[in-house]
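Have a look at the structure below, then the notes.
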Amino acid sequence: MRATVPVLLALLLVAVMVVAAGIGPYAIAPLEILGAVIRRAGGGEMDAAETVLFQIRLPRVLAAALVGAALSAAGAAYQSLFRNPLVSPDILGVSSGAGFGAVLGILLGLSVAAIQLLAFAGGLATVAVVATLARALRGGDLLVLVLSGIVVGALASAAISLVKVLADPYDQLPAITFWLLGSLAGVTPADVAAVLPFVVVGLLPLVLLRWRIGVLSLGDDEARALGVEAGPLRAAVIGAATLITASAVAVSGVVGWVGLMVPHMARLLVGPRFDRLLPASVLVGATFMVAADTLARSLAQVEVPLGVLTALIGGPTFVWLLARSRRRHLP
Amino acid sequence: MIGRNRCRVLCAVIGLLVVALPATGSAREIADSAGRPVEVPDRISRVFAAGPPAAVLVYMLAPETMIGWPRAPREAASPFLVPSARALPELGRLTGRGDTLGFERLMAAEPDIVVDFGSVGETYRSLADRVTAQTGIPYLLVDGRFDAIPQSLRLAGDVLGVGERGEALAEAAQAIFDRVDRTVATVPDEDRPRVYLARGREGLETGTRGSINTEIIERVGGVNVAEGLREKGGIVQVSPEQVIAWAPDTIIALDRDFTREVGDRPAWRPVPAVRSGRVFTAPALPFSFVDFPPSLNRLVGMIWLLHVLYPDRMPDDLGEQVGAFYTLFYQVDLSDADIDRLLGGG
Amino acid sequence: MSVIAAEALSIGYGSTVVASDIDLTIEAGSVTCLIGPNGAGKTTLFKTMLGLIPPLGGLINVDGAPIGRLKRAEIAHHVAYVPQAQFSEFAFTVLDLVVMGRTAHLGLFAAPRQTDVDAAMSALERLGIASLAERDIRRISGGQRQLALIARALVQEAALIVMDEPTASLDLGNRLLVLDTIRSLAVAGPAVLVSTHEPEQAFAIADQVALLGRGTGCEVGPVDTVLTADRLSRLYGTALLVEATPSGRRVVGAALDDPLSAPSAGS
């Protein structure tokens, strides 16, 4: 039974992606999609339907899957690392830092690629500052690390607010607001191609160290007594999760709740062992995000911000998960 | 175009000195657009514009009375402004929430009056009352609705002591509206252009039908393809696929880079407006022709849009009309090169 | 053959010395009880012997090599740890927890295989809690959790198991069960170093006793020579006496002047 869960989740993801690729404001019949895919294999000039499919819809579905998988994997890793199921990938300030980078780019009127790059760099730099600060204060103490994350994250949020005040209220402020609410509306194939390697490189250490990351959730002393080099392992996980999250946020903007909620859903299916939790989280997260983004682009003619949708879905779902786990704890 | 303005500034400075010396403090009471009674000093030499829309209004009527900009115009806008307005300081805005200016700074600027141009709803009415109560500075609310422009010009002209100029501008504005109405009346419904407003460099922000951002497009008979969630409209984000589904035949862009790059973006290729090369950047000097700030700057935008949307129905020369508008409203004389640069998207 | 030997050891955190001059050698297959009042440094000594904190002075040799030179996995091959309590936020099963004991035997990038799961199951069977394998570790009794942690230490296949007050906060039945288990473990293989507050437990299971006093160093020796009324009284700062019950069990009691309790002293 346990071995079949990831297979079923993978099938579900593929099914949801296929359905999502068939939904959109530009009507394309299912047979036409099939035809387009076959014609595409032959190459040549694209017609409108093919452009919609291959330039807009499929990249967007892929980007949604990638972002969902990335945020969920990072969330699952952080929850094990910090021994706390209420931790999200933002705990060390990566989203605030990325947000500041992006918002600064918008204020300076840079190109989209440059804004994405600034967001990515902002996320990485913020976590680097947090880690350095925590190390200088008291090396290796988890609580100091979390507090440093909160402090630096708050500074980045304050900087975002400052940029909002400085920004042109007609021109730049809407762009800033939309970025901070998260969206995949403008995703291009190039974006997917640019982000994919970073997510894969970030996922690799998590996959390889899957067993040890689970052991680390017992706490430093126990994990070390069991033969785990806790310090280097934690540094590797933070580096990997930060790389993944910063890449995802650079392409999607700030999308909350996914990294917090999805690992819980996955844990219900496969239990807390990280070696089983990681693939389940990746698959559930990708499925969830593809579904959420399909809603975001098809609920109305205009985009519903992705971050708003994930919060609307994520909040109540999380309450339900908490209520459920509480019931299970009663004798 | 500079010389004439320098003379005008000199006159203005002398005039200022003359009126500033005998501070008589006499005043009259005027009802503003919200119906509030406002104690207006007889002589007004220092005006604080509460936000960018009000700044355009005050600039057009009496640039010499401005004590600063809520947001300083860009460097590129300088040649399109009278010299006295170019170097004015940036003072911040006073619009209720998210102010960038404290009352104390406002008092330190010693304005005779605060002018706000835009919504005259309850929020702004109460804000105006609070400012006056706390600072003693009169606060004039002027209706910013598009069709109210002639009246608003008359009201503000009267208050600022430039009644004649207000009347002249009001008539010119009314003439533009009449021209729009006459032209649009000749266009059958099925020939109305389907227009998409592309904001930002990606062009994926737009104003939905009924929004203040697109009312100028709708006013000149364009069909705004973006239908929003609510009647009043607002700025939203859309996907390229939705734009393809809307199939606009004309795109009005605010960002020059978008217009330049859109042809190279595969996702935009199926859009009819892109295929037929009907993507136009709204000129933006010294203020944008379309969208923001939502003020009198959009008057010239209507002239421009008529030419863009109905080239066959507008036999007269666009450049000439724009030049005349700038002379009258912005009080700058543009050379042919200036006009080319302006309309070329500079 | 000694599995671990401490010579002139000083322990503590940072620059704060908690205890010093500790000489302690533990032989294979023996049970050593560490007795001392609160704050004497029992847990600090354990952490030092597990290599979790560095010694402030002196030496610890594990299987003949200084502990500071060993990698974490190498230490884990020699010393296993049964912590006082295990709190997890996550619903690991008992089997999950025990399989984690195999970590030091797995490659850096490996996850446990079926053989590791089989080893965990047989450890659970040996301790009589195989039926709990799929239960949530947060939803079993304290005694059962101690047994699960002991099972985890067993599958680690270390020569020494260090247990930090395994009977604290257990009820009588569970306490006897855990003590019994410790005694039977040592007979079969790994040496056990166990800390306790109760000298009587040492009489019951220990081969040697280490008395760790506050700032008085560490006295090590056979139970009978070390655990005297005199030493215990000094250790805990109150008058104590050791006496044998009619069945031969030795118990420790307060030496009171109160005439009502006097008769037992003379019997």
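Coordinate-derived values only; no laboratory data. Given the structure is predicted, the values throughout are model-derived calculations rather than measurements. Quick reminder, even Gly has a Cβ in these numbers, built from the backbone with ideal geometry, and neighbours come from all protein chains shown.
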- How would you classify chain C from its alpha-carbon gyration tensor, with a ≥ b ≥ c the square roots of the eigenvalues: rounded for a/c under 1.5, else prolate if a/b is greater than b/c, otherwise oblate? oblate
- Query: If you take the charge dipole of the protein assembly as shown about its Cα centre, with +1 on Lys and Arg Cβ and -1 on Asp and Glu Cβ, which of C:A229, A:V130, A:V308 is farthest toward its positive end?
  - Reply: C:A229
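Over chain B, what is the relative contact order in percent, taking alpha-carbon pairs closer than 8 angstrom and at least six residues apart?
Numbers: 605 pairs, mean separation 53.9, N = 346.
Here the relative contact order equals 16 percent.
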- In whole angstrom, the spacing between the Cα centers of segment C:97-156 and segment A:293-316 equals 44
- Query: With charges only on Cβ, +1 for K and R and -1 for D and E, what is the dipole size of the protein assembly as shown about its Cα centre, in debye, rounded to 20?
  - Reply: 1260
- Anchor C:K47: lysines whose Cα lies under 21 Å away (excluding residues fewer than 8 positions away in-chain): C:K71
- Query: With axes computed from alpha carbons, what is the tilt in degrees of helix C:114-126 against the longest principal axis of chain C, rounded to the nearest 10 within 0 to 90?
  - Reply: 30
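Please identify the trypsin sites (Lys or Arg not before Pro) of segment A:18-125 that satisfy two criteria: DSSP loop assignment and at most 16 other Cβ atoms within 10 Å. Which are they? Walk me through the numbers on the way to the answer.
On the way: sites: A:R39, A:R40, A:R57, A:R60, A:R83; in loops: A:R83.
Loop-located and lightly packed - none at all.
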- R0 = 25 Å: FRET efficiency of A:L268 with A:V14, Cβ-based, nearest 0.05? 0.70
- Task: Find the relative contact order for segment C:2-225 and round it to a whole percent, using C-alpha pairs within less than 8 Å whose residues are 6+ positions apart.
- Result: 31
- Message: Helix B:298-309 against the longest principal axis of chain B: what's the angle in degrees, Cα atoms only, rounded to the nearest 10?
- Response: 10
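When a/c is below 1.5 the answer is rounded, else prolate if a/b is larger than b/c, else oblate, so apply that to chain A with a ≥ b ≥ c taken from the square roots of the Cα gyration tensor eigenvalues.
oblate
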- Would you work out which of B:V236, A:A10, B:G200 lies farthest towards the positive end of the dipole of the protein assembly as shown? Charges go on Cβ: Lys and Arg +1, Asp and Glu -1. A:A10
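Could you give the size of the charge dipole of segment C:2-225 about its Cα centre, using +1 on the Cβ of each K and R and -1 on the Cβ of each D and E, expressed in debye and rounded to the nearest 20?
On the way: 16 positive and 23 negative charges, 122 e Å.
Using Cβ point charges on Lys, Arg, Asp and Glu, segment C:2-225 gives about 580 debye.
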- Evaluate the relative contact order of chain A (contact order divided by residue number), counting alpha-carbon pairs under 8 angstrom at least 6 apart; express in whole percent. 30
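Quick one: grab the alpha carbon gyration tensor of segment A:59-207, order the square roots of its eigenvalues as a ≥ b ≥ c, and give me rounded if a/c is under 1.5, else prolate or oblate depending on whether a/b is larger than b/c.
Oblate, because a/c is 1.5 or more while a/b does not exceed b/c.
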- Give the order of C:E89, B:E205 when sorted by the count of other beta carbons within 10 angstrom, beginning with the fewest. C:E89, B:E205
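Nearest 20 debye, what's the magnitude of the dipole of segment B:187-343 about its Cα centre given +1 on Lys and Arg Cβ and -1 on Asp and Glu Cβ?
Result for segment B:187-343 is approximately 480 debye, rounded to the nearest 20.
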- Among C:A133, C:A76, C:A206, which one shows the biggest mean-square fluctuation in a GNM of chain C, springs joining Cα atoms closer than 10 Å? C:A133
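Take each uninterrupted DSSP H stretch in chain A, measure its Cα extent along the helix axis, and return the ones at 24 Å or beyond whose mean Kyte-Doolittle hydropathy is at least -0.5. List each step's numbers first, then the result.
Working: long enough: A:4-22 (27 Å, 2.66); A:58-81 (34 Å, 1.26); A:112-138 (39 Å, 1.65); A:142-166 (36 Å, 2.44); A:189-208 (28 Å, 2.18); A:230-252 (32 Å, 1.47); A:274-298 (36 Å, 0.93); A:306-329 (33 Å, 0.47).
Span-like helices here: A:4-22, A:58-81, A:112-138, A:142-166, A:189-208, A:230-252, A:274-298, A:306-329.
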- Where a label projected 7 Å from the Cα of B:E190 along Cα→Cβ would reach, residues of segment B:277-310 with amide N under 20 Å: B:310
- Filtered trypsin sites (Lys or Arg not before Pro), segment B:52-136: DSSP coil and at most 16 other beta carbons within 10 Å: B:R74, B:R97
- Label-point gap, in nm, between C:R113 and B:R28 - each point 7 angstrom along Cα→Cβ: 10.0
- Built amide H within the under 5 Å cut-off of B:D32, gap 5+: B:V38
- Compare the Cα positions of C:G189, B:A172, B:S335 along the charge dipole of the protein assembly as shown (+1 at Cβ of Lys, Arg; -1 at Cβ of Asp, Glu; about the Cα centre) and return the one farthest towards the positive end. C:G189
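Excluding the sites themselves, what is the longest stretch of chain C that contains no trypsin sites (Lys or Arg not before Pro) in a DSSP loop with at most 13 other C-beta atoms within 10 Å? Let's see the in-between values first.
Numbers: sites that count: C:K71, C:R113, C:R249.
Result for the longest clean stretch: C:114-248.
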